[in-house]
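Chemist: This is the structure I have questions about; it appears just below.
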Amino acid sequence: MPKFRFSLQALLRRREDAEQTARDEMMLRVSRQQQEQQKLEDLKNRRNENASEMAAKQLDNTAYDELIYYRMYLDRLDYEIDNSHRRLVRLSAEVEVQRKVLVEASKKRKTLTLLRDKKEKEFKLALDKTFQKEIDDLVVLRHKRA
């Protein structure tokens, strides 16, 4: 019995590899985005905690020099929060671009997969027809002999 061979199998394999590479890259970028999101949340929490501490120290009439250090630290946290937010925006844009690349790679692979499935179905139908014709010929020969 002859086997089905898809003439574009090598191209299909390359498209599958390209799709997997795009999927891996997407996972990497999403991971980086999530890490940056977590870092931003940690910075915001740290800033809120220190702002609360500073407010409590102001009520306790803490030394002016110590309050200046709190203010400088809060300013530094604000700066880091702004930088983290900018990185998060950039990473989100990269994720969106990679998502489009992945969708395109997926479409290309799916097109070839559908073509392969169609050709395989045609091959099986042609094979079934051939077998049916051979069976019919055998039946006719047997009927002529009888």
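Chemist: Determine the pairs where a residue that is closer than 24 Å to PHE6 by Cα, located within region 99-112, has a partner that is of a type in the set (Lys, Arg) and modelled with pLDDT of 95 or more with Cβ atoms under 6 Å apart, the partner being 6 or more residues away or on another chain.
Modeler: That search, which allows pairs on different chains as well, returns LYS108/ARG15; ARG109/ARG15; LEU112/ARG15.
Chemist: For LEU74, state whether it is touching a Lys or Arg at 6+ places or on another chain (Cβ under 7 Å), at pLDDT below 95, surrounded by 11 or more Cβ atoms within 10 Å (Cβ to Cβ) and farther than 30 Å from PHE131 by Cα.
Modeler: The answer is no for LEU74.
Chemist: Go through (1) loosely packed, with under 14 Cβ neighbours inside 10 Å; (2) among the charged types (D, E, K, R); (3) modelled with pLDDT under 95 for LYS57 and report which single condition fails.
Modeler: The single condition LYS57 does not satisfy is (1).
Chemist: Being acidic (Asp, Glu), over 16 Å from the mean Cα position of the chain (by Cα) and more than 14 Å from SER92 (Cβ to Cβ) is the filter here, so list the residues in region 24-48 that pass it.
Modeler: GLU41, ASP42
Chemist: Please work out which one of (1) out of contact with any helix residue (DSSP H, G or I) (no Cβ under 8 Å at 6 or more places or on another chain); (2) touching a residue at least 24 places away in the same chain (Cβ under 8 Å) is the condition GLU41 fails and give its number.
Modeler: (2)
Chemist: Moving on to the next point. Does LEU102 satisfy the condition of being surrounded by 10 or more Cβ atoms within 10 Å (Cβ to Cβ), more than 28 Å from the chain's Cα centre (by Cα) and of a type outside the set (Phe, Trp, Tyr)?
Modeler: Criteria not met by LEU102.
Chemist: Please work out if ARG116 is surrounded by 16 or more Cβ atoms within 10 Å (Cβ to Cβ), out of contact with any Asp or Glu (no Cβ under 7 Å at 6 or more places or on another chain), in contact (Cβ under 8 Å) with a residue 60 or more places away in the chain and closer than 30 Å to GLN132 by Cβ.
Modeler: yes
The values are calculated or read from the model by the stated rules, or taken from the named source; none is laboratory data. Since the structure is predicted, the reported quantities are computational estimates derived from the model, not experimental observations. Positions of Cβ are backbone-derived with ideal geometry, glycine not excepted, and every protein chain shown enters the neighbour counts.
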